[in-house]
1. I'd like to check something: does segment 320-329 contain any residue that is free of Cβ contacts under 8 Å to residues at least 12 places away in the same chain, assigned to a strand (DSSP E or B), in contact with a strand residue (DSSP E or B) (Cβ under 8 Å, 6 or more places away or on another chain) and open to solvent by 10 Å² or more (accessible area, probe 1.4 Å)?
2. For the subset of segment 219-244 comprising residues that are in contact (Cβ under 8 Å) with a residue 60 or more places away in the chain and at positive phi, which member is surrounded by the most Cβ atoms within 10 Å (Cβ to Cβ)?
3. Within segment 6-20, count every residue that is surrounded by 18 or more Cβ atoms within 10 Å (Cβ to Cβ) and among the polar types (S, T, N, Q).
4. Among the residues of segment 21-59, count how many are polar (S, T, N, Q), surrounded by 14 or more Cβ atoms within 10 Å (Cβ to Cβ) and in a loop (DSSP other than H, G, I, E, B).
5. Among the residues of segment 71-84, what is the count of those that are open to solvent by less than 10 Å² (accessible area, probe 1.4 Å) and closer than 18 Å to LEU113 by Cα?
6. Applying the selection to segment 101-135, what residues are more than 30 Å from GLY363 (Cα to Cα), open to solvent by 40 Å² or more (accessible area, probe 1.4 Å) and not in a loop (DSSP other than H, G, I, E, B)?
7. Taking the stated definitions as given, is ILE165 in contact with a strand residue (DSSP E or B) (Cβ under 6 Å, 6 or more places away or on another chain), free of Cβ contacts under 8 Å to residues at least 60 places away in the same chain and not polar (S, T, N, Q)?
8. Give me the residue from segment 187-218 that is in contact (Cβ under 8 Å) with a residue 60 or more places away in the chain and closer than 20 Å to ALA311 by Cα and, out of that set, surrounded by the fewest Cβ atoms within 10 Å (Cβ to Cβ).
Amino acid sequence: MFDLILRQAKTAGGELLDIAVFDGKLAAIGSLAADAKATQVYDLQGKYWVSAGWIDSHVHCYAQSPLYHDEPDCVGVGSGVTTVIDAGSTGANDVDDFYRITRDAKTNVFAFLNIARTGIVTQNELADLSQIDKVGVRQAIARHSDFILGLKARMSSSVVGQNGIKPLEIAKTMQRENAGLPLMVHIGNNPPNLDDIADLLTSGDIITHCYNGKPNRILTAEGELRASIKRALARGVLLDVGHGSASFSFAVAEIAIRQGILPHTISSDIYCRNRLAGPVHSLATVMSKFFGIGLTLAQVIDCVTVHAADALRLPAKGRLEVGADADLTLFDIVHTPQVFIDSEGLTLEGDRILVPLAAIVAGVPLPTDEGKSKNVFNL
């Protein structure tokens, strides 16, 4: 007797699968016997798609943040996303409060801890090096080792002020002192120069805002990949989209992807303002933009499932495998003309969009508004 069975769900590879859940884990995948029993059984009849639960590896969902804030379930299960990782909204000062309030969320919530103790309460948290508190970071990680997945350093001129590359050098030291946790590095306007940033990064580090259109971007003026980024990728540094309000350019992404410079993870950098007013709106919207830039459905799904889980060191998530966490995303693909907008106000025409219908977290179905209107669970 299972807790939940989904029958005839369509995967990104085009297969039709039955999926069974027991005790919060995926218990069977394939073709289940006709008489298999479960507390809840839903026959999707091959109409809808399913994948491992979507992971948005760059959001801002600390509701108390004065600058970038949102509710975890708005950017999470309400949008078909089962797991979100807040990218540095909080530092050692506020992470306890962030942890506390997210325990009531239906979405799985984790955090990259900002190396500045205040997190992002101003735009220039690394302009004063005394804000970087190694002891506070170490103690916060010890208290919340199941919540803090890595460190976050925002390395652009407005953030670091006159300190150049120094905050990143300190961040790398802190990383080594804390079991080599993943380090996510925001790139934007220089100084510091992107070459100096890239040359400090090591395997598993994450460059977010990888397709930004600013002068300090991954491409040279001639449209070629910077040598420093090429070296970093060869060392195992990862590229994360981190779309956001000012950090995604269709032109840069198209040129890069044509050269085979693909994102390892697709993330939104979502918070209330760019969710409501755009250009982000949702992780599904950001994912859909990549169809027009040349990625397949399977590639896009991998970027928010298995690739994200690997980058974040969440081995039980992001996989349609027996024994993995029973986190799933149910979605539809609507074929209709679309006009997408990047962070620079430029447009790209598309012909399809992903529509999340439900998040299933630890085996519990949570339909989105669209899923409720389609009555996907016959509720």
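1. Our first condition is that a residue be free of Cβ contacts under 8 Å to residues at least 12 places away in the same chain; within segment 320-329, this holds for none.
For segment 320-329, residues free of Cβ contacts under 8 Å to residues at least 12 places away in the same chain, assigned to a strand (DSSP E or B), in contact with a strand residue (DSSP E or B) (Cβ under 8 Å, 6 or more places away or on another chain) and open to solvent by 10 Å² or more (accessible area, probe 1.4 Å): absent.
2. The selected residue is GLY242.
3. 1
4. Our first condition is that a residue be polar (S, T, N, Q); within segment 21-59, this holds for 31, 39-40, 45, 51, 57.
Applying the additional criterion that residues be surrounded by 14 or more Cβ atoms within 10 Å (Cβ to Cβ) yields 40, 51, 57.
Pick out the ones that are also in a loop (DSSP other than H, G, I, E, B) and you get none.
Qualifying residue count, segment 21-59: 0.
5. Residues meeting the conditions: 2.
6. Selection gives LEU129, SER130, GLN131, LYS134, VAL135.
7. No, not satisfied.
8. GLY204
The values are calculated or read from the model by the stated rules, or taken from the named source; none is laboratory data. Bear in mind the structure is a predicted one, so any value in this text is a computation, not a measurement. Don't worry about glycine lacking a Cβ; one is built from the backbone with ideal geometry, like all the others, and counts go over all protein chains shown. What goes into the accessible areas is simple: the full protein's heavy atoms, side chains included, and nothing from ligands, DNA or RNA. Shrake-Rupley method; radii C 1.70, N 1.55, O 1.52, S 1.80 Å.
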